[in-house]
Amino acid sequence: MAHEVNDEAKKLRVALTRAGLLDVSGVPRRRPEQAAFERARTAAGSGTPLSDLASEERE
């Protein structure tokens, strides 16, 4: 089972890299401050849901 998980994780990393969504720069990052994280979480939870945008594109 662990082997399957590793394979799936590798496939996901490859797909994200191809889509330009995975940071492969190797530059260390710091975690954001808690307040900044909470603001981002609130902002991400508002607006048009991704599922609505996807279904609009299909119409």
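Based solely on its DSSP helices, what 222 nm [θ] is calculated for the chain when runs of n ≥ 4 H residues each add -39,500 (n - 2.57) and the sum is averaged over all residues, nearest 500 deg cm²/dmol?
On the way: 3 runs with 37 residues, N = 59.
For the chain, the value works out to -19500 deg cm²/dmol.
At 1.4 Å probe size, with no ligands or nucleic acids counted, give the accessible surface of VAL14 in Å², nearest ten.
For VAL14, the solvent-accessible surface is approximately 60 Å².
So, with a 1.4 angstrom probe, what is the percent of accessible area on the chain that is carbon and sulfur? Spell out each step's value before the answer.
Working: 3280 of 5920 Å².
Carbon and sulfur together cover 55 percent of it.
Report the dimensions of the chain along its three principal axes from the alpha-carbon atoms, largest first, rounded to Å.
39, 38, 25
The values are calculated or read from the model by the stated rules, or taken from the named source; none is laboratory data. In this text, all values refer to a predicted model and were calculated from it rather than measured experimentally. Remember, those area values only see protein heavy atoms, side chains included, never the ligands or the DNA or RNA. Shrake-Rupley method; radii C 1.70, N 1.55, O 1.52, S 1.80 Å.
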